[in-house]
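What follows is one structure encoded as structure tokens, with my remarks underneath.
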């Protein structure tokens, strides 16, 4: 069974630029999550999808972050414009049986 | 709001030692608890999942226990090896319909050869 795929793995941008991350969950998983992990901390949930609908986006900074999951499969997370404090690893996860979550390798974002 | 604490933040042990990592949480109304391993620059690997009705789960040299009433979970690693060196994260699943995970900050484990 293929795992959760994410791209790119690394991204370096200047502040005020925009960036997008892509995630492909495990086949058949209806639930998809985006997390932000700052160095030395545990992941923090940004947004949760169930199929192509948003379950919770209460911790998503909506003035600069957006996410979509068209057709209930792949998802993209966008930041526009980026700030220095957005430097982090962005993790995508999908939920299987018993709500066990499986994570992708993450995208390490550096904002200069 | 659920809060998850992991102590210690870092741990260094000699190879072969048995060790225990601790996780505590403030709200006992949980759906499940998941232990993850994270290697530097990598994503999270699920180690063990304990449902709220269970007391423990075992996988190879790993054993995780759950005591909801006291808000605690432990991850026991037997006969530690240098390859066990990583950050171990505890995550508590909420009992609400969204079933979201709240993570601790992790314990960074170093096993010395």
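Identify all residues within region B:1-27 that are in a loop (DSSP other than H, G, I, E, B) and either within 14 Å of another protein chain (Cβ to nearest Cβ) or out of contact with any helix residue (DSSP H, G or I) (no Cβ under 9 Å at 6 or more places or on another chain) (or both); write none if there are none.
B:1, B:2, B:3, B:8, B:9, B:16, B:17, B:18, B:26, B:27
When the residues of region B:71-113 are filtered to those that are over 24 Å from residue B:54 (Cβ atoms) and within 11 Å of another protein chain (Cβ to nearest Cβ), which remaining residue is surrounded by the fewest Cβ atoms within 10 Å (Cβ to Cβ)?
B:105
Considering only residues that are touching a residue at least 40 places away in the same chain (Cβ under 8 Å) and more than 23 Å from residue A:25 (Cα to Cα), which ones fall in region B:31-69?
B:52, B:68, B:69, listed by residue number.
Residue by residue, here is whether (1) within 14 Å of the chain's Cα centre (by Cα); (2) closer than 18 Å to residue B:93 by Cβ holds:
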site	(1), (2)
A:19	yes, no
A:27	no, no
A:65	yes, no
A:74	yes, no
A:83	no, no
A:94	yes, yes
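When region A:66-92 is examined, which residues are found to be farther than 21 Å from residue A:5 by Cβ and either in contact (Cβ under 8 Å) with a residue 40 or more places away in the chain or buried (at least 16 other Cβ atoms within 10 Å of the Cβ) (or both)?
A:80, A:81, A:82, A:83, A:84, A:86, A:87
Mind listing whichever residues of region A:103-112 are surrounded by 20 or more Cβ atoms within 10 Å (Cβ to Cβ) and either facing chain B (nearest Cβ under 9 Å) or part of a helix (DSSP H, G or I) (or both)?
Passing the criteria: A:103, A:104, A:106.
Answer with yes or no whether residue A:27 is surrounded by fewer than 13 Cβ atoms within 10 Å (Cβ to Cβ) and under 26 Å from residue B:31 (Cβ atoms).
Yes.
Quick check: is even one residue across region A:60-68 closer than 19 Å to residue B:99 by Cβ and within 14 Å of chain B (Cβ to nearest Cβ)?
The answer is yes; a qualifying residue exists.
Would you be able to say whether some residue in region B:43-60 is under 27 Å from residue A:59 (Cα atoms), within 14 Å of chain A (Cβ to nearest Cβ), surrounded by 13 or more Cβ atoms within 10 Å (Cβ to Cβ) and in contact with a helix residue (DSSP H, G or I) (Cβ under 8 Å, 6 or more places away or on another chain)?
Yes: one or more hits.
Of the conditions (1) at negative phi; (2) within 10 Å of the chain's Cα centre (by Cα); (3) buried (at least 22 other Cβ atoms within 10 Å of the Cβ); (4) within 11 Å of another protein chain (Cβ to nearest Cβ), residue B:64 clears all except one; give me its number.
(4)
Here, each number is a calculation from the coordinates, and none is a lab measurement. Fair warning: this is a prediction, and the values are worked out from it, not measured in the lab. Here Cβ is always computed from backbone atoms with ideal geometry, including for glycine, and neighbour counts include all displayed protein chains.
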